[in-house]
Amino acid sequence: MQTARSTLTLAATAVLAGLAVLVLVVTVATAPLVDGADAPKSVTDRDSLVIGVKDDQPGLSLWDRKGEPKGFDVDVAYYVAGGLHVPSKKVSFRPVSSDEREDALRSGKVDMVIATYSITPERKEQVTFAGPYYVAHQDILVRRGDPSIRNVRDLRGRRLCQVPGSNSWRRVSEERKVAAAMVPARSYGECVQALAAGRLDAVSTDDLILAGFAAAADSGVTVVNAPFSDERYGIGLPKGDLKGCREVNQILTGMYQDGAAETLLNQWFATSGLDITLTVPQFEGCA
């Protein structure tokens, strides 16, 4: 009898052990691979960085006569790189347009994107966002001396610039249901040129972008100062780089706490007349 019981006990133990192994295999196979060996290489592990920025936005990112980018986004990029222990001499910049940003990250052409990159649910499907590093507000740019456009409702029937890859025109036509006449352009720099030349009635996008153009000498354009949305500027990282996201968020917190954010914002936009926000933005969750 004792031998039979021992045999049954051994058999039951073997079955339980087999089930345990099966559960372990299934758990490992189905567990999400986020911060493990199969996760993409993090920006925290790099000794040099290629950063995607715009090349046509005064005050934010614009190449000077020496061929170097200058502006708030560029300075934020240098600050973040420094926090990641990457010296400025090992930071390089690559121009990216609004409709190139996701592909540039996905293909590895850039390690991060800091290019007035508004965080949206659709973009979060393709990109891991740190930040936001600033919360801008959509506004309207018109020709100086034009009193006919005072708010977003006045854009009905007016010629409004539409840039591929940007969500700004959707804020007007889809969210606010204002039936403006869309006129395509390759960039906001091209939009502003068309506006000043009379081929457009208005340009609508983030106030920091508009302020940079309006502040340029002899621009002939001005900001209406009628904000109607929040635009959370994020730092785009390759999808899945949660380690990098968390580290960059800590760096951005420090940028506001040590006064660097205030210094940079005042340096580039103090004369624009905008009400600059100096508090730490509420961060998105890293995903």
Has the range 60-70 got at least one residue that is among the polar types (S, T, N, Q) and either surrounded by fewer than 19 Cβ atoms within 10 Å (Cβ to Cβ) or out of contact with any Pro (no Cβ under 9 Å at 6 or more places or on another chain) (or both)?
-> no
Taking the range 134-166 on its own, how many of its residues are under 19 Å from Thr277 (Cβ atoms) and either open to solvent by 50 Å² or more (accessible area, probe 1.4 Å) or among the acidic types (Asp, Glu) (or both)?
-> 2
Sole exception among (1) in contact with a helix residue (DSSP H, G or I) (Cβ under 8 Å, 6 or more places away or on another chain); (2) at pLDDT 90 or above; (3) under 19 Å from Tyr117 (Cα atoms) for Arg232, by number | (1)
How about the range 83-133: which of its residues are surrounded by fewer than 24 Cβ atoms within 10 Å (Cβ to Cβ) and among the aromatic types (Phe, Trp, Tyr)?
-> Phe93
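How many of the residues in the range 71-98 are in contact with a Leu (Cβ under 6 Å, 6 or more places away or on another chain), under 22 Å from Ala216 (Cα atoms) and not acidic (Asp, Glu)? Spell out the reasoning first.
Let us first name the residues in the range 71-98 that are in contact with a Leu (Cβ under 6 Å, 6 or more places away or on another chain), namely 71-73, 75, 81, 86, 91.
Next, from what is left, pick out any that are under 22 Å from Ala216 (Cα atoms): 71-73, 75.
Filter once more, keeping what is not acidic (Asp, Glu): 71-72.
Summing the residues that are in contact with a Leu (Cβ under 6 Å, 6 or more places away or on another chain), under 22 Å from Ala216 (Cα atoms) and not acidic (Asp, Glu) in the range 71-98 gives 2.
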Restricting the range 148-171 to residues that are in contact with a helix residue (DSSP H, G or I) (Cβ under 8 Å, 6 or more places away or on another chain) and in a strand (DSSP E or B), the residue that is farthest from Ser219 (Cα to Cα) = Gln162
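Does any residue of the range 4-24 turn out to be more than 29 Å from Ile251 (Cβ to Cβ) and modelled with pLDDT of 50 or more? Full working, then the answer.
At the first step, the residues of the range 4-24 found to be more than 29 Å from Ile251 (Cβ to Cβ) are 4-24.
From the residues that got through so far, the ones that are modelled with pLDDT of 50 or more too are none.
So far as the range 4-24 goes, no, none of its residues is more than 29 Å from Ile251 (Cβ to Cβ) and modelled with pLDDT of 50 or more.
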From (1) surrounded by 19 or more Cβ atoms within 10 Å (Cβ to Cβ); (2) modelled with pLDDT under 95; (3) small (Gly, Ala, Ser), pick out the condition that doesn't hold for Ala226.
-> (1)
State yes or no: is Val221 over 21 Å from the mean Cα position of the chain (by Cα), open to solvent by less than 20 Å² (accessible area, probe 1.4 Å) and β-branched (Val, Ile, Thr)?
-> yes
Those helices (runs of 4 or more DSSP H) completely within the range 67-147 that have 3 or more residues that are touching a helix residue (DSSP H, G or I) at 6+ places or on another chain (Cβ under 7 Å) and of a type outside the set (Val, Ile, Thr) are 72-83
Give me the pairs: first residue in the range 214-233 and over 13 Å from Asp146 (Cβ atoms), second residue assigned to a loop (DSSP other than H, G, I, E, B) and polar (S, T, N, Q), beta-carbon distance under 6 Å, and six or more apart or on different chains, which are they?
-> Ala226/Asn151
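Given the criteria open to solvent by less than 30 Å² (accessible area, probe 1.4 Å) and in contact with a Pro (Cβ under 7 Å, 6 or more places away or on another chain), does Asp201 qualify?
On the way: open to solvent by less than 30 Å² (accessible area, probe 1.4 Å): yes; in contact with a Pro (Cβ under 7 Å, 6 or more places away or on another chain): no.
So Asp201 does not fit the description; no.
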Log entry, pairs with first residue in the range 269-281 being of a type in the set (Gly, Ala, Ser), second being in a helix (DSSP H, G or I), beta carbons closer than 7 Å, six or more apart or on different chains, reads Ser272/Ala211; Ser272/Ala214; Ser272/Ala215
Residues within the range 241-287 that are on the phi > 0 side of the Ramachandran plot and buried (at least 20 other Cβ atoms within 10 Å of the Cβ), tallied = 0
Is at least one residue of the range 121-137 under 22 Å from Trp63 (Cα atoms) and among the polar types (S, T, N, Q)?
-> no
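The values are calculated or read from the model by the stated rules, or taken from the named source; none is laboratory data. Fair warning: this is a prediction, and the values are worked out from it, not measured in the lab. A quick note on method: Cβ atoms are made from the backbone with ideal geometry, for glycine too, and the neighbour counts reach across all protein chains shown. Accessible surface areas use protein heavy atoms only, side chains included; no ligands, DNA or RNA. Shrake-Rupley method; radii C 1.70, N 1.55, O 1.52, S 1.80 Å.
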